[in-house]
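To keep things clear, I will list the structure first and then write my remarks on it.
The values are calculated or read from the model by the stated rules, or taken from the named source; none is laboratory data. As the structure is a prediction and not an experimental result, all values here were calculated from the model. Counting neighbours? That spans all protein chains shown, and the Cβs are built from the backbone with ideal geometry, glycine included. When the accessible area is computed, the model is the full protein with side chains, heavy atoms only, and any ligands, DNA or RNA have been set aside. Shrake-Rupley method; radii C 1.70, N 1.55, O 1.52, S 1.80 Å.
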Amino acid sequence: MSLAKLFKQKEINRLAYPAILAGIAEPVISLADTAFVGKLGTVPLAAVGIAGSFYTMMVWVLAQTLTAIAAIVSKKYGQGNTKAVESLVPQALLSNIILGLLIYLLTSPFSETIFSWYNAEGPILESCIKYFGIRSLGFPFTLATLLLFGVFRGLQNTSWAMYIAITGAALNILLDYTLIFGIPDLISQMGLEGAAWASLISQMTMFLLAIFVLLLRTPFNLKITLTINPYFGELMGMSFDLFIRTILLNLTFYLATRYATGYGKAVIAAHTVALNVWLFSSFFIDGFAHAGNALSGKYLGQSNQKGLRELGFSIAKISLAIGIILGIIYSMFYPFLIHFFTNDQDVIKEFQNVFWLIIITQPINALAFAFDGIYKGLGHTRLLRNLLVFSTLLVFIPIAVGSHYIQPSLTGIWIAFLGWMCCRSFYLLHDFKKRFIS
């Protein structure tokens, strides 16, 4: 099948393109915070990088019910039996809200200790505490919103999440500029804290919009029943596998950020920008993985083996093409991209030393994310968990720690990321071929 035909597959595109726009909303929020705060100086920029990476890490670790509920709802949708999970949705939603409140209570009061683990100290540590103290109030809203996005995806609709996410991202950008720099005679400059308030207000807005869509456009409601839904155990089991997997995933981000912080302000600032660009493109590529997640669950419910095979290879080819295109675009803008975030010459030098590695990872990331989505939709969460255990403990950590002791640099950190992604993508490609071809 030609590349042009691949990009014209209606069933995939109907889910993928809205999922791309919805998926990049969170990194757009982070990039907006990074870009605006970068104008305040290197210390605020480093603080947003550290505190923002911890916040994102916690959300990724705890939001695994999104993928799990999408897989369960899509399977029941394929069977024409969404009523079987009618009570599951409000039960899962309440669980996420309670979890978000619990995480806020367990992290915000101890933020000084947490960010000390990242080697933050002095003005950077103080700025981290201020930013996170406000942003962490968003945990319950973010986790609940992502859970509802998973429900929408299971119903084979990613457009609702797209509209909500675009609204949140646009509101965040507007509030970032307004609250960070202020409006003369109207709103005082809030600096770093303004960025945190902008993110929190945007997250609350997205939550309210998601609740509105759930009640107005889906067969589900917010009625809590005392009887636990029969699929609640399956939801928790899949979520636990993905929870362990994501803890290991974020262990890599923690270790990278900790080492980068220890290498100096310029290095952690450069790493902050590099990581945000990497995450932006990852979420962009991940849009087709979301389509694979929704459709593979539906095909599983329909027992459509041929459809699953064709879906897997189509999603992989499209994602690979997008990864290559992103790599080419990044190559063209290599010398100029960092100037959107900072004019500090030391930061610029550190960034340009490693950005070639971010370019190389784009097509490799694409394969990993494509098959991640398919396997999540199929419910093969244990395999994904075990693969992360192997690639993190036996690939990323040895390379990152080894380079730290042999020749400490940001380049060593990003070489570890490259090896980590190679392990994940090539194994999943091999396993999918073995399952559906041989």
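Starting from the Kirkwood radius over alpha-carbon pairs of the range 68-164, derive D by Stokes-Einstein at 25 °C in a medium of 0.890 mPa s and give it in µm² s⁻¹.
Rounded to a whole number, D works out at 159 µm²/s.
For the range 60-168, what does the relative contact order come out to in percent, with C-alpha contacts under 8 Å and a separation of six or more?
47 percent
Mind jotting down a quarter of the surface of the convex hull over the alpha carbons of the range 358-438, in square nanometres, one decimal?
Its average projected convex-hull area is 5.6 nm².
Contour minus end-to-end for N81 and I406, with contour as 0.36 nm per residue of separation and end-to-end as the Cα-Cα distance?
Stretched fully, the N81-I406 segment lengthens by 111.2 nm.
Give the accessible area for V43 in Å² (nearest 10); use a 1.4 Å probe, count only protein heavy atoms, and leave out ligands, DNA and RNA.
My reading of the accessible area for V43 is about 40 Å².
Helices from the chain with mean Kyte-Doolittle at least 0.0 and a Cα length along the axis of 24 Å or more, per DSSP H: which?
Those that clear 24 Å and a mean of 0.0 are 42-62, 88-107, 159-181, 192-217, 232-262, 265-301, 305-332, 345-378, 410-436.
When the solvent-accessible surface of protein heavy atoms is calculated with a 1.4 angstrom probe, in what order do W278, W60 fall, highest first?
W60, W278
What do the square roots of 5 times the Cα gyration tensor eigenvalues come to for the range 280-324, in whole Å, largest first, as semi-axes of the equivalent ellipsoid?
For the range 280-324, the semi-axes come out at 22, 11, 4 Å.
Tell me, what % of the accessible area of the chain is carbon and sulfur with a 1.4 angstrom probe?
Of the solvent-accessible surface of the chain, carbon and sulfur hold 67 percent.
Take every Cα-Cα distance within the range 290-438, group them into 10 Å bins from 0 onward, and report for each bin the whole-number percent of pairs it holds.
Spelled out bin by bin, the range 290-438 gives 11, 32, 30, 19, 7, 1 percent.
What accessible area per residue comes out for the range 170-286, rounded to a whole number of Å², with a 1.4 Å probe?
Computed with neighbouring chains in place, this is 45 Å² per residue.
What list of whole percents do you get for P(r) of the range 229-376, with Cα-Cα distances grouped in 10 Å bins up to the one holding the largest distance?
So the P(r) values, bin by bin, are 11, 30, 31, 18, 8, 2.
Can you pull the percent of Cα pairs in the chain with separation above 28 Å?
Distances greater than 28 Å cover 48 percent of the Cα pairs.
Can you tell which of G377, G292, G122 shows the greatest fluctuation in a Gaussian network model of the chain with Cα springs below 10 Å?
Top of the fluctuation ranking is G122.
Mind checking the per residue accessible area of the range 54-118 for me, 1.4 Å probe, whole number of Å²?
That works out to 38 Å² per residue.
Give me the number: length gained by fully extending A170 to F336, i.e. 0.36 nm times residue separation minus the C-alpha to C-alpha distance, one decimal in nm.
The A170-F336 span can extend by a further 57.3 nm.
Sort R245, R14, R258, R217 by accessible area with a 1.4 Å probe, largest first.
Ranked from most to least accessible, the order is R217, R14, R258, R245.
Where does the charge balance sit around W197 when Lys and Arg score +1, Asp and Glu -1, over other residues with C-beta under 12 Å from its C-beta?
Counting the neighbours of W197, the net charge comes to -1.
Just how much of K265 is accessible, in Å², when a 1.4 Å probe is used and the result is rounded to the nearest 10?
Roll a 1.4 Å probe over it and K265 shows about 110 Å².
How large are Rg and Dmax for the range 8-133 when only the alpha carbon atoms are used, in Å?
19.1, 58
Would you report the distance distribution of C-alpha pairs in the range 197-294 as whole percents per 5 angstrom bin, up to the bin with the largest distance?
So the P(r) values, bin by bin, are 2, 9, 8, 12, 19, 19, 13, 8, 5, 3, 1.
Before I look further, what does the range 346-424 give for accessible area per residue, probe 1.4 Å, in whole square angstrom?
35 Å²
Rg to Rh for the range 145-263: what is it, with Cα atoms only and Rh by Kirkwood?
Result for the range 145-263 is an Rg/Rh of 1.09.
So how much accessible area does D33 have, in Å² to the nearest 10, using a 1.4 Å probe?
The accessible area comes out at roughly 0 Å².
Over the range 349-438, what is the relative contact order in whole percent, taking alpha-carbon pairs under 8 Å and six or more residues apart?
44 percent
Counting pairs of alpha carbon atoms under 8 Å apart in space and at least six apart in sequence, what relative contact order in percent does the chain give?
24 percent
What ranking of E11, E126 comes out by heavy-atom accessible area, probe 1.4 Å, highest first?
E126, E11
How big is the gap, in Å, between the Cα center of the range 67-137 and the Cα center of the range 255-278?
24 Å
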